[in-house]
1. Kindly establish whether E298 is crowded, with 17+ Cβ neighbours inside 10 Å, on the phi < 0 side of the Ramachandran plot, in the same structural domain as F185 (by TED's automatic domain parsing) and assigned to a helix (DSSP H, G or I).
2. Can you find a residue in region 233-240 that is within 21 Å of L15 (Cα to Cα), modelled with pLDDT under 95 and basic (K, R)?
3. Scan region 31-63 for residues that are part of a loop (DSSP other than H, G, I, E, B), in contact with a Ser or Thr (Cβ under 9 Å, 6 or more places away or on another chain) and either in contact (Cβ under 8 Å) with a residue 40 or more places away in the chain or closer than 27 Å to V114 by Cβ (or both) and jot them down.
4. Taking the condition surrounded by 17 or more Cβ atoms within 10 Å (Cβ to Cβ) and assigned to a strand (DSSP E or B), does W265 pass?
5. In region 26-60, which residues are basic (K, R) and at pLDDT 95 or above?
6. Take I28 and decide whether it is assigned to a helix (DSSP H, G or I) and in contact (Cβ under 8 Å) with a residue 24 or more places away in the chain.
7. Identify the residue in region 180-193 that is over 10 Å from A249 (Cα atoms) and surrounded by 19 or more Cβ atoms within 10 Å (Cβ to Cβ) and, among all such residues, is modelled with the highest pLDDT.
8. So which residues in region 208-252 are within 16 Å of the chain's Cα centre (by Cα) and acidic (D, E), if there are any at all?
Amino acid sequence: MKIDIAICTWNRAELLSDTLQSIRRVTIPEGITTRIVVVDNNSTDNTIERVRAFEKQLAEDANINHRLSVVLQTEPQQGHTFSRNRAIGVADGDLMLWTDDDVIVDSNWLNSYVRASANQDEAFWGGKIIPKFIPEKPAWIEENWDVLKGCFAERDLGLEPAELKPEQLPYGANFAIRTSVQKKFLYNVELGRREDHVLGEDEIEMFQRLLAAGYRGSWVPESSLFHIIGQNRANEAYVRDYFIGQGKALIVKDNAWSTDPKKLWWQMIYEFAAYRFKRQWAKSPAWAAHLIRSGLAEGQYLAAKSQPA
């Protein structure tokens, strides 16, 4: 069996290095060769140099150099989904394992997906994502975790294997799919992150198309990883940006609160004013609700006003 591990990256060289080192430590069963496909999306830091250094390290690592390699691709069109589609284009293995450039994978991560793939009735699988805040999770995020955990890609569908459903799907930082199937289902380039703009939903939309076409998937609880959250994301500005992206996605998916930019603008102003006012004296659940809704309203407003008349 041949496996491609796909990682799309943009200006996270240091985090990416830690991710690559964690993959280097995974258990790779005998008879399996693994290639890491890193797709660089116009990074301006030293991402390329870090990947080249890792490539050299693998070449010098006698224990695994015959079973683990890395290849660097570049994607000039800015956007996560463009990068994902570039990874699909170069994949030539039996399985694609998808993860991000800011994770630490468990040593059993790959092996768990290999075992799950023995079920020929299934085409894709998902695993656990555990956010790890550095240095620690802020109290206000902990107090509102049920509504904020999506911002930080937490995913846990239980301790037991289970069939994946439209309302219970993996997240992009941790899933596997048969390469032959993935090549039939590219990502929607209207969705996904763009540089610092947090517009997601791309893998969820892809999974929904898979299920609608009759493909089946399952939850693999043993295949887990940590998602590293630094101080640059554990703050109110990042959370609001995340929900601005979610608001834009509502327009793309024809599920908006309204398509009238004026109405959305007034709602955005009201919700943001309520957030700023309650932030001064109320407990966090009261103002966080307005923070979320102000982001959702702004995202829909921005997307609606850019729609053709």
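The values are calculated or read from the model by the stated rules, or taken from the named source; none is laboratory data. Note that this is a predicted model, so its numbers are computed, not measured. Virtual Cβ from ideal backbone geometry, glycine too; neighbours counted across all protein chains shown.
1. Spelling it out, it is not the case that E298 is crowded, with 17+ Cβ neighbours inside 10 Å, on the phi < 0 side of the Ramachandran plot, in the same structural domain as F185 (by TED's automatic domain parsing) and assigned to a helix (DSSP H, G or I).
2. Within region 233-240, one or more residues are within 21 Å of L15 (Cα to Cα), modelled with pLDDT under 95 and basic (K, R).
3. If the condition is that a residue be part of a loop (DSSP other than H, G, I, E, B), in contact with a Ser or Thr (Cβ under 9 Å, 6 or more places away or on another chain) and either in contact (Cβ under 8 Å) with a residue 40 or more places away in the chain or closer than 27 Å to V114 by Cβ (or both), then N41 is the only one that fits.
4. Criteria not met by W265.
5. R35, R50, R52
6. Criteria not met by I28.
7. The qualifying residue modelled with the highest pLDDT is Q182.
8. Passing the criteria: only D241.
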